[in-house]
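Data block below; observations after.
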Amino acid sequence: MTDSTPDDIPFGPWVPRPVSWLEMGVYFCGALVVAALGTWWILKNSGQVGLDAPDNRRKLHEKAIPRLGGGPIFLAVGLACLVAGYIGGLGWSRWLPVAICNALIFSVGFVDDLRPLGAKVKLVGQIGTALILYALGVSIDTLSNPFGDGSIDLGWWSLPLTLLWLVSIPNIINLIDGMDGLAGGFGLFLCLTLAFIGYYGLQPDVLVVALAMAGALAGFLIFNLPPAKIFLGDGGAYLIGFFIASVSLFTSNKGSVIGALLVIIMALGVPILDTLFAIIRRAMRGVPIFNADAEHIHHRLILLGFSKGRALVALYSVCLALSLVGLSVLLTKGVALPVAGAFLLLLALGAARYLGYVRSWSNFREQINEVMERRRKREFFRAYGRVLDFEVERCDTLESFTMQFSHGIKRMGLGVSSQAETCAETLRLADGRLFNIHHPKDDTETSEWHLRLDVLLPALERCLEKWGALPPSVEQAPTDPNPATSSQPTA
């Protein structure tokens, strides 16, 4: 983006002025009150729209919970920015590109919270919003030397790097939004870090908007801490991530990555690490990167015996420590960067071992071979699932498909009725109908069986669409008291 001088601002001249501690408190507390009241209103008036229903797999809450928490946060931040711009005199006009694009990205996620859009549609919306912000002049143009003078002009690389930054941060925040209070709390720490950067860099407008977002998140967390009464939803997660990504660009001098961007990367250490683990895990298993699972860092902590509260405190503590590490890089003008990098590497290795992603470094190769063997078995299931999908088209009657279906699941080692040494797994169709498939009892994790058995869903969906019924041999499960009104689970 352009330098923060009056001559270079495309939306009019702007001269920074100091912000008093009283003003800081007003913006933070005002946003907190607005977000808290807005969240309370949603809880009091929520109906059957925008609910996140439990699925007995990843979503283990007892009842359907509203996931429209992004609305009050957006309202609180928007009001605070209007007050800061038109009453506080903090240069609202130069923030128009950021405000417009944050509203757009929030809209993409909020619409998905109301009615699922699908991962591809959301990704197109994210990239489109990032392109608009880039076209309006907010970009990473140069990379400065963190240890001294000199910089590299990115040229045409400015576009892909800016898009990567603006698209990846919202998805990283959305990825960790799988436990009560986690994404909102991380967003709070990151916004306070941005506020300090604005204070340290003599940018009062950055300080004010970051404090407003921090206050809004604090107000939302009143209702989102365990046990959560409301969820962020994609709208809230995208808004937090895009806000952090776009405002951090405003804090850097002529798009230099040495300042706020490097601090934010450090502060995002836990969600970045979680994202990295998820990508490696899903790539090795041969499943799509955006497939949801229950093996994120917070899930692993719960399996290790942590309560939700203890797990949240542990992750908050690590986030706070990493924020301080990132700020140390800024305050020392890059001198602390090698120490910070070593700290992140040790954190990654220690987390991989402690959380059980790596059972033993000495037997790491053996573990890789086990993972690849499971991948081959999953590919076998996937292939048979496609065969059954094709059989729906080939068969003229439900009876003929039932024969093919019974033969297929037998070849897969499954059954439609209970037998000795078998376990039942419940699968859900799009209309909320449940049915049971039985698999052998072995040491395979339940989540692995979910991945294998889900390949049957497309064939059964098409069967229901073509003949209006499932194969008679399929065992119907009890009716779900909480029908599926939620969107597809986020990663």
- Message: In whole Å, what are the extents of the range 312-370 along the principal axes defined by its C-alpha atoms, from largest to smallest?
- Response: 46, 27, 12
- What is the packing order of peptides 160-173, 420-433, taking the mean over residues of other C-beta atoms within 10 Å and listing the highest first? 160-173, 420-433
- Message: Just to confirm a number: summing +1 for Lys and Arg and -1 for Asp and Glu over residues other than residue 38 whose beta-carbon lies under 14 angstrom from that of residue 38, what do you get?
- Response: +2
- Message: Along the charge dipole of the range 428-470, pointing to its positive end and built from +1/-1 on Cβ of Lys, Arg, Asp and Glu, which listed residue (469, 455, 435) has its Cα farthest out?
- Response: 469
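Quick one: 449, 21, fewest Cβ neighbours within 10 Å first, how do they rank? Don't skip to the end; give the middle numbers.
Numbers: 449 18, 21 7.
With the fewest neighbours first, 449, 21 line up as 21, 449.
How much length is gained if the chain between residue 29 and residue 358 is pulled fully straight, taking 0.36 nm per residue apart and subtracting their Cα-Cα distance, in nm to one decimal?
Contour length minus the Cα-Cα distance gives 114.0 nm.
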- Gain in span if fully extended, residue 423 to residue 202, counting 0.36 nm per residue against the direct Cα distance: 73.3 nm
- Task: Along Cα→Cβ, 7 Å out, is where each label goes; now give me the distance between the ones at residue 320 and residue 403 in nm to one decimal.
- Result: 6.8 nm
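I'm a student and want to see the number: the projected area of the Cα convex hull of the range 367-476, averaged over all directions, in nm².
Numbers: hull surface 27.0 nm².
The directionally averaged projection comes out at 6.7 nm².
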- Task: Compute the signed sum of charges (Lys and Arg +1, Asp and Glu -1) over the other residues within less than 11 Å, Cβ to Cβ, of residue 70.
- Result: -3
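Cβ under 12 Å from residue 241's Cβ, residue 241 left aside: what net charge do those residues give with Lys, Arg +1 and Asp, Glu -1?
Values: positive: none; negative: 177, 234.
Once positives and negatives cancel, what remains is -2.
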- Give me the distance between the Cα centres of the range 165-234 and the range 96-121, rounded to whole Å. 17 Å
- Förster radius 22 Å - calculated FRET efficiency between residue 342 and residue 283 (Cβ-Cβ, nearest 0.05): 0.25
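Coordinate-derived values only; no laboratory data. Because the structure is a prediction, the values reported are computed rather than measured. No Cβ is skipped: glycine too gets one built from the backbone with ideal geometry, and neighbour counts run over all protein chains shown.
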